[in-house]
Amino acid sequence: MKLRVTHHLQRLLLESLGWVLVVAGLAMLVLPGPGFLTVFAGVALLSRQYEWARKALEPVRLRALRGAAESVETWPRIMLSSLAATVIAGLGVLWIVQPEAPGWWPIGHHWWLFGGRLAGVTLLVSTAAAYALIVYSFRRFYGNPEARQELERQIVEADVAEEEEAEKSIPD
């Protein structure tokens, strides 16, 4: 009995967290923060309970991995990705420090670095996620054409399966 209650409680907590992450990620699409990544994490949690989430997650996961593989194909891409993450970190620090608005700022001072320190924290979290993804992508795909070929094979298989599923759903 206790195991069953624990299972239901775990399911409820994971499902609730999944929906919270989806809603928070959608908010972060217009606010500072890793919106797409947060939505993806929420759908990943929901995919444990819902078939629609599982079906939606796989193509996104495969395309994200393709993007990760492409981002480390050359040294200039790796350096540009790292530079972009570093700029985001700098902006995060700026938001946390909250200096006074400069004299050249053309609109109201309350619009200078809006969002407060929490926005800076989310930018730093985004930076940490970006660096982690760059390292992961480098270790998995850089100089490893077999990993890239396997990923492309999985994408083709997923596309074929999706097309077959769509054909089945069309009434005669």
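Going by a ≥ b ≥ c, the root eigenvalues of the Cα gyration tensor, does segment 31-134 fall in the rounded group (a/c under 1.5), the prolate group (a/b larger than b/c) or the oblate group?
oblate
As a rough guide to protection, the peptides 94-105, 144-155, 16-27 ranked by mean Cβ packing within 10 Å, highest first, stand as 16-27, 144-155, 94-105. Treating the angle as unsigned and between 0 and 90°, give the value, to the nearest 10°, between the Cα long axis of helix 116-141 and the longest Cα principal axis of the chain. Between helix and principal axis, roughly 50 degrees.
Only helical runs count toward this figure. For the chain, summing -39,500 (n - 2.57) over DSSP H runs of n ≥ 4 and dividing by all residues gives -27000 deg cm²/dmol at 222 nm.
Tilt of helix 51-71 relative to the longest C-alpha principal axis of the chain, in degrees (0 to 90, nearest 10)? Long axis of 51-71 versus the principal axis of the chain: about 60 degrees.
Here, each number is a calculation from the coordinates, and none is a lab measurement. Computed from a prediction, not measured in an experiment: that's the story for all the values here. When we count neighbours, we look across all protein chains shown, and the Cβ atoms used for this are built from the backbone with ideal geometry, even at glycine.
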